[in-house]
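The values are calculated or read from the model by the stated rules, or taken from the named source; none is laboratory data. The model shown is predicted, which means the values in this text are computed figures rather than measured ones. Here the Cβ is made from the backbone with ideal geometry for all residues, glycine too, and neighbour counts use every protein chain on show.
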Amino acid sequence: MDSRTVNKAEIHIEVRFTLSDFFRPFKPSKTNLVCWTLAVAAWAAIYVLFFSPSAQRQGYLAPIKPAACVVGICLTVALLAAPYLQARMAANNAPIFQETFHYTVSSLGVHVQTENSRTEYTWSAFREVVETPELFILRRRTDSASYLPKRCFSKPEDVPRLRSLISDYFRGDCNFQNN
């Protein structure tokens, strides 16, 4: 086989996963939007109940202003920092963050190799491919997935090559970014 054909038909990706591949607290998403909205709503309620001009006139809630601020701070930390800290703790012990994954995507499917394992997936093993701004998610029929962060592609032209390879050989649902 001609080496130019091999280069077109295979894409090699070396991945060392980081926490930011899976968790982005400041990226717009449904979950992050809910957390930020609840935090802002909590502070708005604290302002209206304790610091607004009408609350100042009534005065009967003044003794618990410091406690309200502490509750607001704790709620903000719980909504914004706790999910990140929880993800960070899980990542410290997760094997996926300890190994380098070597992916080879070809017309036959996806080959994944680490120091401790080697797995081959034919294209029929996948039910869906989703592209986000940061990565490709190849969802398998077993409710697990392979993640290919775009930051790990050796050349920028590998991203459209991967899209083309998937379009040519994968027969399931493809949701690519509009570029």
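In segment 50-73, the residues that are closer than 17 Å to Ala39 by Cβ reach residues that are part of a loop (DSSP other than H, G, I, E, B) with C-beta atoms within less than 9 angstrom, at least six apart or across chains, in these pairs: Phe50/Leu61; Ala68/Leu61. Of the listed requirements (1) within 19 Å of Glu10 (Cα to Cα); (2) modelled with pLDDT under 95, Asn179 misses just one: (1). The residue pairs whose first member lies in segment 11-38 and is of a type in the set (Asp, Glu), whose second member is at pLDDT below 75 and surrounded by 15 or more Cβ atoms within 10 Å (Cβ to Cβ), and whose beta carbons are closer than 6 Å, counting only pairs six or more residues apart or on different chains, do not exist in this structure.
Does Thr31 satisfy the criteria of being modelled with pLDDT of 85 or more and β-branched (Val, Ile, Thr)? It is false that Thr31 is modelled with pLDDT of 85 or more and β-branched (Val, Ile, Thr).
Here is a list: Ser154, Ser164. Which entry is hydroxyl-bearing (Ser, Thr, Tyr) and in contact with an Asp or Glu (Cβ under 9 Å, 6 or more places away or on another chain)?
Checking each option against the conditions leaves just Ser154.
So, restricting to helices (runs of 4 or more DSSP H) that lie completely within segment 9-82, which ones have at least 2 residues that are more than 24 Å from the chain's Cα centre (by Cα), assigned by TED's automatic domain parsing to the domain that holds Gln113 and β-branched (Val, Ile, Thr)?
Details: elements: 30-46, 53-58, 65-80.
Helices (runs of 4 or more DSSP H) meeting the threshold: none at all.
Screening Ile166 on (1) among the β-branched types (Val, Ile, Thr); (2) more than 20 Å from the chain's Cα centre (by Cα); (3) not in a helix (DSSP H, G or I) shows it passes everything except condition (3).
Just to be sure before I move on: is Glu131 among the acidic types (Asp, Glu) and surrounded by 14 or more Cβ atoms within 10 Å (Cβ to Cβ) in the structure I sent?
On the way: among the acidic types (Asp, Glu): yes; surrounded by 14 or more Cβ atoms within 10 Å (Cβ to Cβ): yes.
Judged against the criteria, Glu131 is a match.
Can Gln177 be described as of a type in the set (S, T, N, Q), part of a helix (DSSP H, G or I) and under 16 Å from the mean Cα position of the chain (by Cα)? For Gln177, the condition - of a type in the set (S, T, N, Q), part of a helix (DSSP H, G or I) and under 16 Å from the mean Cα position of the chain (by Cα) - is not met. From the list Thr142, Thr119, the lone residue that is surrounded by fewer than 14 Cβ atoms within 10 Å (Cβ to Cβ), assigned by TED's automatic domain parsing to the domain that holds Ala9 and more than 17 Å from Glu14 (Cα to Cα) is Thr142.
Does Ala55 satisfy the criteria of being modelled with pLDDT under 85, crowded, with 16+ Cβ neighbours inside 10 Å and among the aliphatic types (A, V, I, L, M)? Give the steps one after another, and end with the answer.
Values: modelled with pLDDT under 85: yes; crowded, with 16+ Cβ neighbours inside 10 Å: yes; among the aliphatic types (A, V, I, L, M): yes.
Taking the combined requirement at face value, the residue satisfies it.
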